[in-house]
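Heads up, the thing below is written out as structure tokens.
The values are calculated or read from the model by the stated rules, or taken from the named source; none is laboratory data. These numbers come from a predicted model, not from an experiment. Heads up, the Cβs are rebuilt from the backbone with ideal geometry, glycines too, and the neighbour counts pull from every protein chain shown. Ligands, DNA and RNA are stripped out before the accessible areas are found, and what is left, the full protein with its side chains, is counted by its heavy atoms. Shrake-Rupley method; radii C 1.70, N 1.55, O 1.52, S 1.80 Å.
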Amino acid sequence: MHTINGIVVHGNKRGKALGFPTLNVALQEQIPEGIYLSQTVIQEKQYHSLTFIGAAKTFNETTYQSETYLLDLNRTSMDKR
């Protein structure tokens, strides 16, 4: 099991343009590349999520990164927090 902690940083906003906005957090450790089922905690609330670890080769990137997409996100409930 791996834990990623950090501050969300701005990415290229490609996921948002495709309808899948992601949270990008710099990696502090080398985690095996892949797509993971994950849990994301924001302001003490847990969200089911998918996390991609690796370089976005589809977009010719070489930066090893993490991108997390929150499943079933209700933005209204997040805005109220």
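At a threshold of 8 angstrom on Cα-Cα distance, excluding pairs fewer than six apart, so keeping six or more, what relative contact order does the chain reach in percent?
Details: 120 pairs, mean separation 20.2, N = 81.
Relative contact order, the chain: 25 percent.
Just from its helices, what would the mean residue ellipticity at 222 nm be for the chain, if runs of 4 or more DSSP H residues each count -39500 (n - 2.57) and the sum is divided by every residue, rounded to the nearest 500 deg cm²/dmol? Working shown, then result.
Details: 2 runs with 9 residues, N = 81.
Result for the chain, helices only: -2000 deg cm²/dmol.
How large a share of the accessible area of the chain, in percent, is made up of carbon and sulfur atoms when the probe is 1.4 Å and the other protein chains stay in place?
Details: 3400 of 6350 Å².
Of the solvent-accessible surface of the chain, carbon and sulfur hold 54 percent.
Dipole magnitude of the stretch 1-68 about its Cα centre, charges +1 at Lys/Arg Cβ and -1 at Asp/Glu Cβ only, in debye to the nearest 20?
Working: 5 positive and 5 negative charges, 56 e Å.
In total the dipole reaches around 260 debye.
Does the stretch 1-79 classify as rounded, prolate or oblate by the C-alpha gyration tensor (a ≥ b ≥ c root eigenvalues; a/c under 1.5 gives rounded; else a/b over b/c gives prolate, otherwise oblate)?
Working: a/c = 1.85, a/b = 1.28, b/c = 1.45.
Here the stretch 1-79 falls in the oblate category.
Which order do you get for 33, 67 if you rank them by accessible area with a 1.4 Å probe, largest at the top?
Details: 33 100, 67 45 Å².
Most to least solvent-accessible, the answer reads 33, 67.
Give me the accessible area per residue for the chain, probe 1.4 Å, as a whole number in Å².
78 Å²
Can you find, among 21, 31, 50, the residue sitting farthest towards the positive end of the charge dipole of the chain, where Lys and Arg contribute +1 and Asp and Glu -1 at Cβ?
The residue sitting most towards the positive pole is 21.
Give me the net charge of residue 65's neighbourhood, meaning all other residues with Cβ under 15 Å from the Cβ of residue 65; Lys, Arg count +1, Asp, Glu -1. Let's see the in-between values first.
Working: positive: 13, 14, 57; negative: 29, 33, 61, 67.
In short, -1.
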